[in-house]
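Comments concern the structure below.
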Amino acid sequence: MEPKGFVQDMLDVKVLILYVLARVQRPVTRNQLYELCYQDDKLSYFDMCEALPQMVSTGHVAELAADAYEITDMGREIETIMGETVAFPVAQRAKKAVEKFNRESRRSDFLRTSVRSDEESGNVHVRMELLDENGSLMTLKLIAPNVTQGRKLEKTFRAKAEKIYKILLDQFQENREDG
């Protein structure tokens, strides 16, 4: 029995890659692109790894530094014409994956963190910042006992920055109302 799926040949793979790249809001790595494109069981990582260099050489995709890819104007023109040929279920799943990726990427643009070990004092400094379009909303500077703990603080802040900000605001508001 032949496996089910909509991606039948290399042209389908290339059109799907263009479909995804036309919708992401920033350059993506090869692995990110594969995760966004993998919306059909017939698509393999090796198919994508074969198609991507071909698309770079034909000028449909630009390879940027650090294994990042983006669609070119030529690729965008082809996607406008061929994008409708992506099977509807695959297109819908890819579109949903791209929307989630774009949301997470935008959110990450508003978070800055760093973990720095100070050899002289032996302290680990963790700096965490939440920004908006106008600048910094909150900057937290903490000292962690070691780098592992510093990374845990950083990870927690990245996952819950908005909640931490709201809790702090609520606490300051509560204190203000008390007197």
For this session: Would you mind classifying the range 10-108 by shape? Square roots of the alpha carbon gyration tensor eigenvalues, ordered a ≥ b ≥ c; an a/c under 1.5 is rounded, otherwise it is prolate if a/b is larger than b/c and oblate if not.
Result: rounded
Seminar exercise, completed: Mean separation of Cα contacts under 8 Å (at least 6 apart) over the residue count of the chain, i.e. the relative contact order in percent, is 17 percent
Exercise. Is the shape of the range 110-178 rounded, prolate or oblate, going by the alpha carbon gyration tensor and its root eigenvalues a ≥ b ≥ c, with a/c under 1.5 for rounded and a/b larger than b/c for prolate?
Worked result: prolate
Seminar exercise, completed: Filtering the chain for DSSP H helices with an axial alpha carbon extent of at least 18 Å and a Kyte-Doolittle mean of at least -1.0 returns 45-58
Exercise. For the cross-link pairs 100/141; 100/160; 96/152, which exceed 23 Å when the distance is taken from alpha carbon to alpha carbon?
Worked result: 100/141; 96/152
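Each value in this text was obtained by applying a stated rule to the coordinates, not by laboratory testing. None of these values were measured; they are calculated from a predicted model.
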